[in-house]
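Everything on this sheet refers to the single structure shown next.
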Protein chains: 4
Amino acid sequence: MLKVGLLGAGRIAGVHAPAITSHPESALAAVSDYFPENAEKLAAQYGSVARATDEIIADPEIDAVLIATSTDTHSDLIEAATAAGKAVLCEKPVDLSLERALACQVAVAKTGRSVMIGFNRRFDPSFEALKGALEAGEIGKPELLTLTSFDPAPPPASYIKVSGGLFRDMMIHDFDMANFLMGEAPVRISAVGASLVDPEIGEAGDVDTAAVTLTYADGRIAVIKNSRRAAFGYDQRIELLGSTGMLEAENVLENTVVKSTASGVTTAKPMHFFLERYMPAYRAEWDAFVMAVENGTDFPVTLDDGVAALAMAEAATRSHQTGAPVELSDV
Amino acid sequence: MLKVGLLGAGRIAGVHAPAITSHPESALAAVSDYFPENAEKLAAQYGSVARATDEIIADPEIDAVLIATSTDTHSDLIEAATAAGKAVLCEKPVDLSLERALACQVAVAKTGRSVMIGFNRRFDPSFEALKGALEAGEIGKPELLTLTSFDPAPPPASYIKVSGGLFRDMMIHDFDMANFLMGEAPVRISAVGASLVDPEIGEAGDVDTAAVTLTYADGRIAVIKNSRRAAFGYDQRIELLGSTGMLEAENVLENTVVKSTASGVTTAKPMHFFLERYMPAYRAEWDAFVMAVENGTDFPVTLDDGVAALAMAEAATRSHQTGAPVELSDV
Amino acid sequence: MLKVGLLGAGRIAGVHAPAITSHPESALAAVSDYFPENAEKLAAQYGSVARATDEIIADPEIDAVLIATSTDTHSDLIEAATAAGKAVLCEKPVDLSLERALACQVAVAKTGRSVMIGFNRRFDPSFEALKGALEAGEIGKPELLTLTSFDPAPPPASYIKVSGGLFRDMMIHDFDMANFLMGEAPVRISAVGASLVDPEIGEAGDVDTAAVTLTYADGRIAVIKNSRRAAFGYDQRIELLGSTGMLEAENVLENTVVKSTASGVTTAKPMHFFLERYMPAYRAEWDAFVMAVENGTDFPVTLDDGVAALAMAEAATRSHQTGAPVELSDV
Amino acid sequence: MLKVGLLGAGRIAGVHAPAITSHPESALAAVSDYFPENAEKLAAQYGSVARATDEIIADPEIDAVLIATSTDTHSDLIEAATAAGKAVLCEKPVDLSLERALACQVAVAKTGRSVMIGFNRRFDPSFEALKGALEAGEIGKPELLTLTSFDPAPPPASYIKVSGGLFRDMMIHDFDMANFLMGEAPVRISAVGASLVDPEIGEAGDVDTAAVTLTYADGRIAVIKNSRRAAFGYDQRIELLGSTGMLEAENVLENTVVKSTASGVTTAKPMHFFLERYMPAYRAEWDAFVMAVENGTDFPVTLDDGVAALAMAEAATRSHQTGAPVELSDV
């Protein structure tokens, strides 16, 4: 039974807490938060206790920590927890600063431990099935990838200001997915973006609509499209053209009802909220973490993956700013 | 080059005329109609001439006739044309009277000629592909068939009165399709029906909504559902469960556009009008007729098929009237 | 907090146990089973205790029982539990004997209590959405219903022998769904069936393939199709034609991946196993039970609904045996 | 009745000839070809005569010419035919040389006549319906466009050498479609491409896989993806995200059959061959040409549109060669 300390008691911690408690081989030993009352509330809800973050990390009875705090604390907590010998699952991104993430990578390497990064989409049943079909050779060699990620509505401008920008905050999931599916990092990144959805986003120096092209060493291509607004819901699709076929992952709809009237034939919309859409993925992610810790096997997503995606976000940001392609080796 | 006389100049003749003229191996030699001015108009449109029906049948220069007149003249014209040695394609149904159709069958048999009946749906590209997959063994043995045929809107009550009723007029297509797919006639037919769409249809002694169950000698089952009204268009579907799988033919939509908005995800409706929906089928039907005549091979749909479907319509009508299943051998 | 006794520790009890324990307002107080070791095992897994059925029913500390025992004990346990003042959720069917179920109905009525019957499909998110659209008037008046329920593979013949037959065991779900959607019971039932899938089923006196037609007082029609075998998985669909449109509920697929190769375009199959397919429905069913008990409101599915469906199964069985339609008022 | 001279008797002329002859208001007056025997063969097939190109253009009895010759002759023939007062429909592209196309534009302007360019995809029923929905405001303002065009298989390397390269030969259709849907030309074009499908294409200095990003003056974005190989057929899709929704045009499939077996659920593939896929578009294009000529109204696609698409192809080619974005105003 893995005894787990949950660092952070916000929205995403609220997703992880039931995953931890309902898993037959993990228990929620303690919860911490910057605001202790939040930790107490979440702990009470799941039959656990609130403690200070330091205490949790220092407690030898606790086997693992799940870091679900604000992004600016991730690197510090990863370093502290690995130094204390904990198994660590940390929410993405590793950091908003590539430099800091690289330093964290060095520090963790010294501990000889590894860290799992919460790129939850890798664990989505449909995306996993797509990856499985690809690895089974069902479309030959993957050559042209298209990732589409549209949010239902933009976050408030206040969030945008501390988010690190669309490429680090939102598209980082797609960068990791591209690495997951293409099996390597690209060599060159070219980004365009604009503020079309909300002028306040533009005033905050960010974009809300973007398209990025990744070029691989052998000429293969990936295209990523992001928008902060899709009136119809949370649009999350993959299309991968290979030498002998194509794989697509379509949206998960709210239900399977089809209505046919004089106005047309209508189906349900994609699931609107990311927590609902990716709930099975969060559960599977936790399963994978527990299984790897228990079996002593490698994590399926590592700190290196987190740093790689962050480097791509950095390159995309620069490309958007300069208007020219950026070599990934230059970041 | 097959020289063709087109008997009838109404709506369905207007579908056949361009099929005849655009086919590289058939020519429209003459057109007749009960109202000569209709024949003249259609003939002019397609560079042909209007003549009397008798003359056309008597003319040794004419190789084939396509009978597209009103149903009550079909049997007489089939007999006259086969007696005159013509190749004959006759629109469905053979007759509204099973007795008359059986007599026609006998008369034609004496001429030693065969007649093709225009069950156009057998030639629909999707239904043909379904039949092909079935014959290729892709779902094993067919066991449970469901045919769905909903018209967009009921015909006027005046038409209903001379139509022979829903089972003979509308469901006859489905009876033929069941025979086509199940490979044999059923042994028993059980029908229920009601007038739910238009009270005038009920007052005319007919139904506008019906479900019929066919039972085969070895226990296999087919279900046919008809409605005279589908607000969303012309609904024409097949579902066939077999021992190792299922085949379905879905509706043909007006276009492939998908619209996603806050109200839902909407596609186009099924093609609304039967002539538009089955245009490729009418073309393929004519191709099949010309090819069989030219090659001297058997027609793919024969007078026997037309009589078989009519007998099923007769049995369904009786079952609906009596409320009890009817053995097909009793009609 | 509702203290719940779970009667039965078999497969379906294994679905209910986590629903009870993970619900914020219910707790699993005790588990019983014919084989005490099964009860102990399930109780241990969910932090509960094993007790005898009698004890559980007699314990005033226990508020509710969930009856998930073998069908032949349902009526007795319903009577005992309601007599003891418990809130009761009982798995379908109420009984295999309509007579016994009617007696149970009388006995329960004397206690002044009501019982919820576990027709889980009513709580399926897609079927609920379909019902909601119907009640919102989105297709006008429902006129022609088609229910399709195909199991992936037949149960062993040993099960068939004690099942009560396809109409009572499998189609009973569809009878309830028809009542749910059409808003009333039919007046007449006509059934055909055959043993096409497994000869042993026929030798056991049952059918594995069936089609049933329901006729309503005003002429409306419902068609139910069942097969014990669908090579592609668990096929569960609804189609409801109304005066101004049509509603369909399509299958829930294993994932959203589409693969396009030279062989065709392939999607995932329907979810194969009923527990996986209806897991959200079982959860929602439990929510509805708890909410009704806590609020003192009517159960959404009652003993009357259970008896009504059973009467329809009885009528269908008779119709299949006699080959003639059966008036529901005659059963 | 429009008397039409068809210049060219190759594959695409074989599509136009029946469109001309079956249209009620146009007649095929003459056919010419570089190889006179080809012209004779096509003319005979459609009841017309073969003549020299010069003669056709000089004949005052001929009202219109359809230019379906090899690309290098387009500009010369457009100039000659407009100078002779003919109504002109010319196959795309105007020319492989932007300079020559611009000179042609000037020459035609002097005649005061206008020319229709055969961007047939604008007339595809699904793409037209998408455009109609866009103009009806059904998705608000279009912001992010994705065009996907994959050919089933690459042409022979011999063709590649004279094609002008993927951007001018294949993607030119997408450039025109982007202009059609976004309602203006972009300001900047960024292209990446590679030879992944056929090494001979790379050796010929061309690419077979490419992704191009178009940026518009107000920041809007379009992404175009091309591949010379899709194992599953001819993939032609549009996705357009707008401020209040999204429009997609999906592939046209060979038929509507769905097969469900233990291996999965399979539908037909997209129509494989462009002539079959776009046959209705070619018919509608001819209708539009005849209608504009007869009514004296503007052509729906003009020489300016042809030149605009060519300029984009030129910019994309340069961007791919230099690795940097290209301002459209610089070409």
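Numbers for the structure displayed
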read-out	value
Residues located in the stretch B:240-269, provided they are part of a strand (DSSP E or B), without any contact (Cβ under 8 Å) to a residue 40 or more places away in the chain and more than 7 Å from every other protein chain (Cβ to nearest Cβ)	B:253
Positions within the stretch D:108-145 being in a helix (DSSP H, G or I) and among the basic types (Lys, Arg), in sequence order	D:110, D:121, D:122, D:131
Tally of residues being within 21 Å of residue D:97 (Cβ to Cβ) and either modelled with pLDDT under 95 or not in a helix (DSSP H, G or I) (or both) across the stretch D:146-168	9
Only listed residue being touching a residue at least 60 places away in the same chain (Cβ under 8 Å), open to solvent by less than 30 Å² (accessible area, probe 1.4 Å) and over 22 Å from residue C:279 (Cα atoms), chosen from C:57, C:78, C:62, C:20	C:78
Enumeration of residues in the stretch D:186-222 that are farther than 18 Å from residue D:158 by Cα, part of a loop (DSSP other than H, G, I, E, B) and of a type in the set (A, V, I, L, M, F, W, C)	D:187, D:217
Selection within the stretch C:81-106 - touching a residue at least 12 places away in the same chain (Cβ under 8 Å) and farther than 24 Å from residue C:162 by Cβ	C:82, C:83, C:84, C:85, C:86, C:87
Subset of the stretch A:204-227 [out of contact with any helix residue (DSSP H, G or I) (no Cβ under 7 Å at 6 or more places or on another chain) and modelled with pLDDT of 95 or more]	A:209, A:211, A:213, A:215, A:217, A:218, A:219, A:221, A:223, A:225, A:227
Selection from the stretch A:12-51 of residues that are closer than 21 Å to residue A:87 by Cβ and among the acidic types (Asp, Glu)	A:25, A:33
Residues (buried (at least 22 other Cβ atoms within 10 Å of the Cβ) and aromatic (Phe, Trp, Tyr)) located in the stretch B:256-301	B:278, B:286, B:289
Check on residue B:181, part of a strand (DSSP E or B), under 27 Å from residue B:272 (Cα atoms), open to solvent by less than 20 Å² (accessible area, probe 1.4 Å) and aliphatic (A, V, I, L, M)	no
Residues of the stretch D:199-222 satisfying the condition of being open to solvent by less than 10 Å² (accessible area, probe 1.4 Å), out of contact with any strand residue (DSSP E or B) (no Cβ under 7 Å at 6 or more places or on another chain) and under 30 Å from residue A:202 (Cβ atoms)	D:216
Candidate set from the stretch B:1-13 (those that are within 12 Å of residue B:66 (Cα to Cα) and assigned to a helix (DSSP H, G or I)); member that is nearest to the chain's Cα centre (by Cα)	B:12
Flag for residue C:113 being within 18 Å of the chain's Cα centre (by Cα) and either of a type outside the set (Asp, Glu) or closer than 23 Å to residue C:240 by Cβ (or both)	no
Checking residue D:105 against (1) away from chain B (no Cβ under 14 Å); (2) touching a Gly at 6+ places or on another chain (Cβ under 6 Å); (3) open to solvent by 20 Å² or more (accessible area, probe 1.4 Å), the condition it does not meet	(2)
Candidate set from the stretch C:23-53 (those that are in contact (Cβ under 8 Å) with a residue 12 or more places away in the chain and assigned to a helix (DSSP H, G or I)); member that is surrounded by the most Cβ atoms within 10 Å (Cβ to Cβ)	C:39
Residues that are closer than 14 Å to residue C:228 by Cβ, hydrophobic (A, V, I, L, M, F, W, C) and away from chain B (no Cβ under 13 Å), drawn from the stretch C:169-212	C:170, C:171, C:204
Some residue of the stretch B:223-234 being more than 7 Å from every other protein chain (Cβ to nearest Cβ), open to solvent by 30 Å² or more (accessible area, probe 1.4 Å) and outside any strand (DSSP E or B)	yes
Residue A:289 being part of a loop (DSSP other than H, G, I, E, B) and out of contact with any His (no Cβ under 6 Å at 6 or more places or on another chain)	no
Candidates D:12, D:20, D:57, filtered to the one that is out of contact with any Asp or Glu (no Cβ under 9 Å at 6 or more places or on another chain), under 19 Å from residue D:92 (Cβ atoms) and not basic (Lys, Arg)	D:20
Scope the stretch A:273-301; condition within 14 Å of chain C (Cβ to nearest Cβ) and either farther than 30 Å from residue A:114 by Cβ or of a type outside the set (Gly, Ala, Ser) (or both); matching residues	A:276, A:277, A:278, A:279, A:280, A:283
Boolean, residue C:315 is part of a helix (DSSP H, G or I), closer than 30 Å to residue B:323 by Cα, aliphatic (A, V, I, L, M) and open to solvent by less than 30 Å² (accessible area, probe 1.4 Å)	yes
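One line per residue, one yes/no per condition, for (1) buried (at least 19 other Cβ atoms within 10 Å of the Cβ); (2) touching a Gly at 6+ places or on another chain (Cβ under 6 Å); (3) touching a residue at least 40 places away in the same chain (Cβ under 8 Å):
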| position | (1), (2), (3) |
| --- | --- |
| B:112 | no, no, no |
| B:120 | yes, no, yes |
| B:144 | yes, no, yes |
| B:155 | no, no, yes |
| B:161 | no, no, yes |
| B:175 | yes, no, yes |
| B:186 | yes, no, yes |
| B:197 | yes, no, yes |
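The values are calculated or read from the model by the stated rules, or taken from the named source; none is laboratory data. As the structure is a computational prediction, the values presented were derived from the model and not from experiment. Cβ sites come from the backbone with ideal geometry, for glycine too, and all protein chains shown count toward neighbours. We work out accessible area using only protein heavy atoms, side chains counted, and drop any ligands, DNA or RNA first. Shrake-Rupley method; radii C 1.70, N 1.55, O 1.52, S 1.80 Å.
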